[in-house]
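Q: The structure is given below, and queries will be raised subsequently.
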Amino acid sequence: MTTPFQLLEARSSMLGEGMLIRRALPHRERRMIGAWCFLDHAGPVDVGNGSGMRVGPHPHIGLQTFSWLIEGEVLHRDSLGYEQLLLPGQVNLMTAGQGISHSEESPVQRSPKLQLAQLWIALPDHKRHMPPAFEHYPVLPRCAIGGYETTLLVGEFGPQTSPVQVFSPLLGVDLACTQAASGSIHLREDFEHGVMVLEGATQITVPGFPPQTLEAGKLLYLAPGCKEIGLSNTGAGRLLLLGGAPFEEDVLLWWNFVGRTRDEIAEATEAWNSHTAFGEVRGYVGDSLAAPSVPAEIKSSK
Ligand code: MN
């Protein structure tokens, strides 16, 4: 790479009826940031009328799903028997390990607006067959930097440590401002990073390069070696700062599965579609999602 950064644009798609999703990872030019291997920004969307968000039971292997709620409510149910309402400022972390299934839906009693970030974290090889687990984090460390209110989602940031349990060196920070804000953020040089703008427009300054203004849906990737970035908003905005040690393992990602070989992904697909693994999600009214057939070749993360 001639420059230490890369500007990427999320792809927009619709989930169900009228829910706009911006998918920033995986990107064809950037599959992962550390162990972060999937990043969807959903909404803000009006869920006051209609059925709201309804994602029927589906399985996962080899990853942790990380749900960061910005506005509204999401009801999680899984095959371990957890039923957890997720509220703004909270995180649901589901560790799939060897296999789990879950559903996500808007509860009947709900706010008119829904907005969340849905991320996946690839599990390292020595953890990817661990038993499944679910954890709800109702309170995360917060602080203020130059007019941004920060919420530490994962890892360490300044003097703070997130309680969210992950299995590789990782960082996740939400920064939000309601008016103009400007600050400088110290970065770990051994981490690669990504700054994803969720709302508003943020001017990002990488030392030695001209400032770049990113609008919602844009992600700036920063290679390891970057010590600091400057952030500036002229009005209300929100962004996500992600980071991690470059993930050395070659990862295959297909549908809701993260694996290492096509065979294990084909096996998981077969097991889900034939109902021979992944347990049962109780309480969700509606159909499960069917796994699509596995292509002859799955593109790797490298
Ligand atoms: Mn899921």
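The values are calculated or read from the model by the stated rules, or taken from the named source; none is laboratory data. Small disclaimer: the values here were computed from a predicted structure and weren't measured. Reconstructed Cβ throughout: ideal geometry from the backbone, glycine too, with neighbour counts over all protein chains shown. Areas reflect the complete protein model, heavy atoms only, side chains present, ligands, DNA and RNA absent. Shrake-Rupley method; radii C 1.70, N 1.55, O 1.52, S 1.80 Å.
Q: Just to be sure I understand the filter: pairs with C-beta atoms under 8 Å, separated by 6 or more residues or on different chains, first member in segment 13-33 and in contact (Cβ under 8 Å) with a residue 60 or more places away in the chain, second member among the acidic types (Asp, Glu). Which pairs pass?
A: From segment 13-33, the pairs are ARG22/ASP40; ALA24/ASP40; ILE33/GLU192.
Q: Quick one: which of SER182, SER101 is at pLDDT 95 or above and farther than 28 Å from LEU252 by Cα?
A: Criteria check complete, one pass: SER182.
Q: Another one. Considering only residues of segment 248-270 that are within 16 Å of the ligand (Cβ to nearest atom) and of a type in the set (Gly, Ala, Ser), which is nearest to ILE33 (Cα to Cα)?
A: Looking at residues that are within 16 Å of the ligand (Cβ to nearest atom) and of a type in the set (Gly, Ala, Ser), I get GLY259.
Q: Let me ask another. Do you know which residues across segment 270-284 are under 26 Å from the mean Cα position of the chain (by Cα) and part of a loop (DSSP other than H, G, I, E, B)?
A: The answer is ALA277, PHE278, GLY279, GLU280, VAL281, ARG282, GLY283, TYR284.
Q: In addition: Starting from segment 80-104, keep only residues that are aromatic (Phe, Trp, Tyr), then list their pairs with residues that are within 14 Å of the ligand (Cβ to nearest atom) whose Cβ atoms are within a distance under 7 Å, requiring at least 6 positions of separation or different chains.
A: Pairs found: TYR82/HIS76; TYR82/PHE134.
Q: Now a separate question. Is there any pair linking a residue in segment 216-238 that is more than 19 Å from LEU187 (Cα to Cα) and surrounded by 20 or more Cβ atoms within 10 Å (Cβ to Cβ) to one that is of a type in the set (Asp, Glu) and modelled with pLDDT of 95 or more, with Cβ under 6 Å and at least six apart or on different chains, and which?
A: These pairs meet every condition: LYS218/GLU9; GLY237/GLU199.
Q: While we're here: List pairs: first in segment 138-154 and surrounded by fewer than 16 Cβ atoms within 10 Å (Cβ to Cβ), second aliphatic (A, V, I, L, M), Cβ under 8 Å, 6+ apart or cross-chain?
A: PRO138/LEU87; ARG142/LEU152; CYS143/LEU152; GLU149/LEU175; GLU149/ALA176
Q: Take the conditions open to solvent by 30 Å² or more (accessible area, probe 1.4 Å), among the β-branched types (Val, Ile, Thr) and closer than 30 Å to GLY62 by Cβ and apply them to THR161. Does it pass? If you could, list the steps in order and put the result at the bottom.
A: On the way: open to solvent by 30 Å² or more (accessible area, probe 1.4 Å): yes; among the β-branched types (Val, Ile, Thr): yes; closer than 30 Å to GLY62 by Cβ: yes.
Here the answer is yes, as THR161 does meet what is asked.
Q: Can I ask one more? When you check ALA122 against the structure, is it of a type in the set (Gly, Ala, Ser), in contact (Cβ under 8 Å) with a residue 40 or more places away in the chain and either touching a helix residue (DSSP H, G or I) at 6+ places or on another chain (Cβ under 7 Å) or open to solvent by 20 Å² or more (accessible area, probe 1.4 Å) (or both), yes or no?
A: no
Q: Could you give every pair whose Cβ atoms fall below 7 Å, whose first residue belongs to segment 59-73 and is at positive phi, and whose second residue is at pLDDT 95 or above and within 15 Å of the ligand (Cβ to nearest atom), counting only separations of at least 6 or pairs across chains?
A: That search, which allows pairs on different chains as well, returns GLY62/ALA96; GLY62/ALA122; GLY62/LEU123; GLY62/PHE257; GLY62/VAL258.
Each row is one residue, and each column tells you yes or no for (1) out of contact with any Gly (no Cβ under 9 Å at 6 or more places or on another chain); (2) outside any loop (DSSP other than H, G, I, E, B); (3) at pLDDT 95 or above; (4) within 23 Å of ARG31 (Cα to Cα).
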position	(1), (2), (3), (4)
LEU114	no, yes, yes, no
PRO131	no, no, yes, no
LEU153	no, yes, yes, yes
PRO163	yes, no, yes, no
PHE167	yes, no, yes, yes
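Q: A follow-up question, please. Can you pull out the residues in segment 247-292 that are on the phi > 0 side of the Ramachandran plot and surrounded by fewer than 20 Cβ atoms within 10 Å (Cβ to Cβ)?
A: So the first thing to find is which residues in segment 247-292 are on the phi > 0 side of the Ramachandran plot, and the list is 255, 275, 278-279, 283, 286.
Those that are on the phi > 0 side of the Ramachandran plot and surrounded by fewer than 20 Cβ atoms within 10 Å (Cβ to Cβ): TRP255, HIS275, GLY279, GLY283, GLY286.
Q: Consider segment 47-81. How many of its residues are surrounded by fewer than 23 Cβ atoms within 10 Å (Cβ to Cβ), in a loop (DSSP other than H, G, I, E, B) and within 13 Å of the ligand (Cβ to nearest atom)?
A: Matching residues across segment 47-81 total 1.
Q: From the list PRO26, PRO107, PRO59, PRO88, which one is modelled with pLDDT of 95 or more, in contact with a helix residue (DSSP H, G or I) (Cβ under 9 Å, 6 or more places away or on another chain) and not aliphatic (A, V, I, L, M)?
A: On inspection, the qualifying residue turns out to be PRO59.
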